[in-house]
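Accompanying notes for the structure given below.
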Amino acid sequence: MGKNKPGYFGEFGGRYAPEILTEALEELESTYNKLKNDKKFKKELAYYLKNYVGRPSPLTFAERLTKEWGGARIWLKREDLNHTGAHKINNAIGQALLARHMGKKRIIAETGAGQHGLATATVGAMFGLETIIYMGAVDVKRQNLNAKKITMLGAKILPVTSGEATLKEATSEAMRDWALNVSTTHYIVGSAIGPHPFPTIVRDLQAIIGLEAKKQFRKVADKLPDAVVACVGGGSNAIGMFHEFIKEKKVLLFGAEAGGLGSKPGEHSATITYGKTGFIHGTKTLIIQDEFGQIVPAHSVSAGLDYPGVGPQHAHLAKSSRVDYRMVTDEQAIASFLEVSRIEGIIPALETAHAFYVAKDVAKSLGKKKDLIICLSGRGDKDVEEVLRIMAGGGAHE
């Protein structure tokens, strides 16, 4: 993080939010700084992560994928086995506890693939908090199962129809709601994006993924893995997976971002590959934009990667070349989705399928007697209908 510049990762990050949110962001920052090292708070968080989420999540050796790919040994960090089926619950529980400590009775969230919305609705039900979820109308349609679950848990979904009606618009609406209701409401940001302190809070709450993976791998192999791979949209599962390994220079880190349908603006969500520095949702980061600095609509077959920005720490890790970020097209992600399901008996989320595609390539280049961990960020139940529809000839976003 930049010296004397809290909330910055190199040149990226900061707090560029409307003045009306300054007080709420400062309250959140001071509450978090006070509680993050508080023994009682840490014990409370650990209790819910163990007894409600089901942590630690297993580290599984993928025997069949290792054999099939013919390269490095493949290990899976099984965030898909968490309660609600993805990594999002780690952050949602932590932030719900922060909301409770701040005396907020209402929580709101944005969601793309529906996993963060589902996690937020789950903790809202568990803690008895009024819960509102903003979800793009396009995503409500393509992630219908999660939308139904969210409603079943007692939360209210407000479909967003403006713009592309996906994650960016849902985030904008959630920000507006928070600005109008700061005294009663906490906005549980779902990814490592947004104004300071959100990228830091989300990263810290997701860092348990990498912490556990490192410890688990050391126990079975008595060494560090040679490479770690995760998918990157806003980037919460990836920053959680990478955080513990960033200082371990011998461990290669790879991020998989959404190459969508092609390289033209509007066809992809490959923010690190094609993005330029700008401002989105209160932070300075890499953004997909035109020559006039206007944000260009993003596209990905996976609703959770369909965002034209990326977490500021990822922008910094890309610029400093600590992480190698690679693009994966919709077609390649679907191929991986089907391959992993067939070979390993695990249906991964479409988001995670991007990571598997990159991992296959990396595993082959590393060669045998090397070890690679993939963050299996979520399960793919939510994506089965969408994949079958596309395979039957249905286009994206229909």
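Just so it is clear, none of the values below were taken in a lab; they were calculated from the coordinates. Predicted, not measured: the structure shown is a model, and the values here were computed from it. Here the Cβ is made from the backbone with ideal geometry for all residues, glycine too, and neighbour counts use every protein chain on show.
Under a Cβ-only charge scheme (Lys and Arg +1, Asp and Glu -1), can you give me the dipole magnitude of the range 288-398 about the Cα centre, in debye to the nearest 20?
740 debye
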Open item on the list: Using amide H atoms built in the peptide plane, which far-off residues or other-chain residues are under 5 Å from M327 H to H?
Closed with: E257
TODO: Give, rounded to the nearest 20 debye, the magnitude of the charge dipole that the range 84-171 has about its Cα centre when Lys and Arg contribute +1 at Cβ and Asp and Glu contribute -1 at Cβ.
DONE: 220 debye
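How much length would be gained if the chain were fully extended between N144 and A46, taking 0.36 nm per residue of separation minus their Cα-Cα distance, in nm to one decimal?
In short, 32.1 nm is gained.
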Task: Estimated [θ] at 222 nm from DSSP helical runs (n ≥ 4, -39500 (n - 2.57)) normalised by residues in the chain, nearest 500 - done: -12500 deg cm²/dmol
Task: Ordering of 12-21, 129-138, 187-196 by packing [mean C-beta count within 10 Å, highest first] - done: 187-196, 129-138, 12-21
Task: For the range 264-388, the spread of Cα positions along each principal axis, largest first, Å - done: 46, 37, 24
TODO: Give K156/K382; K223/K319; K276/K360; K148/K284; K77/K369; K50/K360 a once-over and call out the pairs whose C-alpha atoms are over 26 Å from each other.
DONE: K223/K319; K276/K360; K148/K284; K50/K360
Open item on the list: Ranking request for peptides 177-186, 303-312: highest mean number of other beta-carbon atoms within 10 Å first, then the rest in descending order.
Closed with: 303-312, 177-186
Task: Cβ-based charge dipole, the range 255-332, positive-most Cα from I295, F279, P265 - done: F279
- [ ] Match the structure shown to one of the listed values (1) 17.8; (2) 23.6; (3) 22.3 of mean projected area of the Cα convex hull in nm², computed from it, and give that label.
- [x] (1)
Task: Listed residue (A113, V228, T352) projecting farthest to the positive dipole end of the chain, Cβ model - done: V228
Open item on the list: I want to make sure I understand the PRE zone here: with the label point 7 angstrom from the Cα of R176 toward its beta carbon, which residues in the range 112-129 have backbone N atoms less than 19 Å away?
Closed with: 112
- [ ] Mind checking the full-extension length gain between K219 and T277? Use 0.36 nm per residue of separation minus the Cα-Cα distance, one decimal, nm.
- [x] 16.8 nm
Task: Peptides 32-41, 345-354, 68-77 ordered by average Cβ neighbours within 10 Å, highest first - done: 345-354, 68-77, 32-41
Task: Test item: Cα-centred dipole of the range 36-101, Lys/Arg +1 and Asp/Glu -1 on Cβ, debye - done: 320 debye
Task: In order through the range 53-61: 3J(HN,Hα) via Karplus (6.51 cos²θ - 1.76 cosθ + 1.60), integer Hz, x for Gly, Pro - done: 7, x, 6, x, 6, x, 10, 10, 7
TODO: Could you compute the FRET efficiency for K67 and S321, with r as their C-beta to C-beta distance and R0 at 25 Å, rounded to 0.05?
DONE: 0.15
